[in-house]
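Input: a single structure, listed below in structure tokens.
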Amino acid sequence: MWTRRQFLWVAGAPLLAQSQARPNVVLLVADDLGYGDLSSYGAPDIQTPNIDSLGRDGVRFTQFYANAPECTPTRTALLTGRYQQRVGGLECAIGVDDVGRYDEAEWLANRGELGLPTSEATMAALFKKAGYRTGMFGKWHLGYRDKFRPERHGFDAAFGILGGNADYFTHREDNGREVLFKNGSMIRREGYLTDLFVEEAVAWLRQPGLRRNTPFFLYVPFTAPHTPIQDPDGFDPATGTAPRRQGDRSLYAKMVERMDRRIGAILGEIEQQGAAENTIVIFISDNGADANGRNAPFRGRKSALWEGGIRVPCLIRWPAKLPRGAVCEQVMLTMDLAPTLLAACGIGPPRRGFDGENLLAEVSGAAPRPRRVFWRYKRGENRRKALRDGDVKYINDNGDEFLYDLARDPGEERNLLQADAARAEPYRKQVEAWEREVAAPRLRRFPRG
């Protein structure tokens with residue numbers, strides 16, 4: 001929740017907004033991109049000059065975490081600024097065609113309630129209420145039903161796919177369902193998904209209404225480089241798609257580089273409009289990479305709570321306010337972006353508040369401060385939990401416990417509990433207390449036991 005210090009920062013922000021134009025916000029999200037999959041994060045085989053430029057001209061983060069090791073829960077936290085557990089049922093990716101993948105999610109799916117309810121105040125809705133134009137172009141993955149779609153959550157315009165992934169050329173899920181939509185209607189369109197998302201985003205930026213000093217919030221959640229691994233230039237007219245090459249690192253690299261070039265088109269359009277100086281651009285990944293990607297130097301991958309599953313790249317550029325070429329070591333989660341960005345734009349929190357924190361001061365160069373943050377992941381029978389308290393990290397992986405000093409052991413190689421198992425107890429109790437605090441009201445009727 002917000003501290004008095006953070007509230008005062010926001011309370012003063014509207015006074016600043018009176019003397020200068022409110023900043024635009026562009027939020028770019030990669031899908032399953034690993035910590036080590038950008039040039040600026042050590043990738044030896046992938047060139048990402050446009051994404052890297054955000055760090056060169058702004059701030060690059062070394063301790064930024066996804067709220068979860070999978071898609072849907074991280075996106076829930078991103079848009080609401082809260083732990084996804086408070087919503088209920090969204091602690092792992094929603095399955096193809098509205099399928100729940102663990103007990104509570106299955107229960108909600110059977111009731112037609114698996115998705116992000118409109119009772120949750122989203123970042124987009126708060127921007128819209130403050131007079132911003134809002135657009136979303138990409139992967140939604142927060143509910144298939146009409147009542148969960150982006151237009152219900154504050155977006156003036158929306159284009160993309162409803163589910164977690166689709167063939168990049170046919171835009172069909174593995175069950176054959178077509179999931180490409182535009183402004184509430186299902187559509188068909190030829191083209192590679194990454195290209196289509198950016199074409200629509202750039203067209204939206206060129207609307208006359210956005211060129212008359214109206215601030216905007218642009219959200220572009222890419223599907224790349226999530227599976228299927230398909231060559232952006234490999235379209236075969238005979239099949240209407242491109243072959244799928246799971247495990248092909250060279251094609252994975254091409255997908256990331258194609259996304260980078262398309263991000264360059266967005267940045268170029270903003271520059272051409274003369275808006276770059278006062279536009280905040282953020283790039284993150286929703287979780288660590290799967291077996292196709294590179295999470296070095298960390299252990300683990302997508303779906304795990306080791307660092308490789310949740311520590312991700314983050315770069316933020318705001319020429320009008322942020323230093324150039326800075327490196328930020330502040331521990332930060334996906335859910336911190338909503339309060340931080342809204343504060344930067346002079347917009348206060350919703351009545352129910354945030355779990356995320358306004359870290360604008362730290363992003364701007366203030367010394368990092370300690371954090372205590374939690375994770376919980378459910379899928380099938382898996383129950384994974386973690387806590388980071390300062391530099392200490394506790395993990396409970398289906399009952400197996402681990403404790404690490406990340407300052408000395410970022411690779412999580414030396415389990416401190418091997419020498420003293422009793423050290424786990426206080427951390428275990430903290431996690432249990434947190435679980436009680438974030439329990440979702442809409443799951444009160446869930447038949448347990």
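The values are calculated or read from the model by the stated rules, or taken from the named source; none is laboratory data. As the structure is a prediction and not an experimental result, all values here were calculated from the model. FYI the Cβ positions are ideal-geometry reconstructions off the backbone, even for glycines, and counts take in every protein chain you see.
Take the residues of the range 242-261 that are over 21 Å from SER303 (Cα atoms) and touching a strand residue (DSSP E or B) at 6+ places or on another chain (Cβ under 9 Å): which is surrounded by the most Cβ atoms within 10 Å (Cβ to Cβ)? Result: MET259.
In the range 258-297, what count of residues is obtained for those that are more than 22 Å from LEU218 (Cβ to Cβ) and part of a helix (DSSP H, G or I)? The qualifying residues number 0. Scanning the range 380-407 for residues being closer than 30 Å to ILE94 by Cα and either outside any strand (DSSP E or B) or assigned by TED's automatic domain parsing to the domain that holds GLY308 (or both) gives a total of 4. Does the range 126-134 contain at least one residue that is free of Cβ contacts under 8 Å to residues at least 24 places away in the same chain and outside any helix (DSSP H, G or I)? No; the residues of the range 126-134 include none that is free of Cβ contacts under 8 Å to residues at least 24 places away in the same chain and outside any helix (DSSP H, G or I).
Given (1) within 22 Å of the chain's Cα centre (by Cα); (2) assigned by TED's automatic domain parsing to the domain that holds ALA419, where does PRO368 come up short, assuming only one miss? Going through (1) within 22 Å of the chain's Cα centre (by Cα); (2) assigned by TED's automatic domain parsing to the domain that holds ALA419 one by one, PRO368 breaks only (2). Within the range 85-141, being of a type in the set (Asp, Glu) and closer than 28 Å to PRO225 by Cβ holds for GLU91, ASP97, ASP98.
Yes/no matrix, rows are residues, columns are (1) surrounded by fewer than 20 Cβ atoms within 10 Å (Cβ to Cβ); (2) among the hydrophobic types (A, V, I, L, M, F, W, C); (3) in contact with a Gly (Cβ under 8 Å, 6 or more places away or on another chain):
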{"residue": "ALA291", "(1), (2), (3)": "yes, yes, yes"}
{"residue": "TRP306", "(1), (2), (3)": "no, yes, yes"}
{"residue": "ARG311", "(1), (2), (3)": "no, no, yes"}
{"residue": "GLY325", "(1), (2), (3)": "yes, no, yes"}
{"residue": "ASP336", "(1), (2), (3)": "no, no, yes"}
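Within the range 68-83, the residues that satisfy the criterion of being closer than 20 Å to PHE127 by Cα and either assigned to a helix (DSSP H, G or I) or out of contact with any helix residue (DSSP H, G or I) (no Cβ under 7 Å at 6 or more places or on another chain) (or both) are THR74, ARG75, THR76, ALA77, LEU78, LEU79, THR80.
Within the option set PRO410, PRO447, being modelled with pLDDT under 95 and not in a helix (DSSP H, G or I) holds for one residue only, PRO447. Filter the range 338-356 down to the residues that are charged (D, E, K, R) and over 16 Å from the mean Cα position of the chain (by Cα), then identify the one that is surrounded by the most Cβ atoms within 10 Å (Cβ to Cβ). If we take residues in the range 338-356 being charged (D, E, K, R) and over 16 Å from the mean Cα position of the chain (by Cα), then ARG352 is surrounded by the most Cβ atoms within 10 Å (Cβ to Cβ).
Conditions tested, residue by residue: (1) in the same structural domain as THR214 (by TED's automatic domain parsing); (2) in a loop (DSSP other than H, G, I, E, B); (3) closer than 22 Å to GLU173 by Cβ; (4) of a type in the set (A, V, I, L, M, F, W, C).
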| site | (1), (2), (3), (4) |
| --- | --- |
| ALA105 | yes, no, yes, yes |
| GLY115 | yes, yes, yes, no |
| GLU120 | yes, yes, no, no |
| ALA124 | yes, no, no, yes |
| GLY143 | yes, yes, yes, no |
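Restricting PHE283, PHE298 to those that are surrounded by 24 or more Cβ atoms within 10 Å (Cβ to Cβ) and at pLDDT 95 or above reduces the list to PHE283. So is GLY164 assigned to a loop (DSSP other than H, G, I, E, B) and surrounded by 16 or more Cβ atoms within 10 Å (Cβ to Cβ) or not? Answer is yes for this residue. Quickly run through the range 109-128 and pick out the residues that are buried (at least 24 other Cβ atoms within 10 Å of the Cβ) and either farther than 22 Å from THR214 by Cα or touching a Lys or Arg at 6+ places or on another chain (Cβ under 7 Å) (or both). Hits for the range 109-128 are LEU114, GLY115, LEU116. Contact map, the range 148-168: residues that are farther than 19 Å from TRP204 by Cα paired with residues that are at pLDDT 95 or above and part of a strand (DSSP E or B), Cβ distance under 7 Å, separation 6+ or inter-chain. Pairs shown: LEU162/PHE181; ALA166/ARG172; ASP167/THR241.
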